[in-house]
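**Student:** Have a look at this one.
The values are calculated or read from the model by the stated rules, or taken from the named source; none is laboratory data. Everything numeric here is computed off the predicted structure, so don't read it as measured data. Cβ placement follows ideal geometry from the backbone for every residue including glycine, while neighbour counts extend to all protein chains displayed. Calculation scope for accessible area: heavy atoms of the full protein, side chains included, ligands and nucleic acids excluded. Shrake-Rupley method; radii C 1.70, N 1.55, O 1.52, S 1.80 Å.
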Amino acid sequence: MLSQTRVLQQEAIIKNVLSRTGVASPGVATAHVIPTDQIKFPATEAVEPIQDLIARALASRPELAQTSLQVENSKIGLEGTKSALKPMLDAVGTLQNSGLAGQRSTLTPGGISTINPYFLGGYGTAMGQVVRRISQTTLLDCN
């Protein structure tokens, strides 16, 4: 009984593939599919060594490959966790070099002030001071 049901299911699949209406058409639904070819069995089968069969079976199992990837990911995560437990040292340093330059102020007490000409000027003078200080510290470090 089960084999007859499977034959009818396979007939329905073939009818649906071969016709537009499939088994909805009464003419197609009543037709039977009759195979015209016989199943051919090889006279002899090649016998493979058991090691080759096992190797092919293991290579065909994607869940084993997925499990090995999960094991590798777990190892990497464990290394990251061990690394996070180690002490950590952070060092922050700042080096600042400023230039001081500008125009003479007219609001000096008494009206007269003595200003070092090194500090007179605008943006160019301030940048020149910065560059001179950098070159001086470089020369000092080289000696």
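**Student:** Cβ contacts < 8 Å: first residue closer than 12 Å to ILE13 by Cα and open to solvent by less than 90 Å² (accessible area, probe 1.4 Å), restricted to the range 23-34; second residue in a helix (DSSP H, G or I) and among the polar types (S, T, N, Q), any location; separation 6+ or different chain. Result?
**Tutor:** Cβ pairs passing all conditions: VAL23/ASN16; VAL33/GLN10.
**Student:** Looking for something free of Cβ contacts under 8 Å to residues at least 40 places away in the same chain, within 30 Å of GLY124 (Cβ to Cβ) and charged (D, E, K, R) - is there at least one such residue anywhere in the range 85-105?
**Tutor:** yes
**Student:** So SER98 fits all but one of (1) open to solvent by less than 70 Å² (accessible area, probe 1.4 Å); (2) at pLDDT 85 or above; (3) of a type in the set (S, T, N, Q); what number is the exception?
**Tutor:** Single failed check for SER98: (2).
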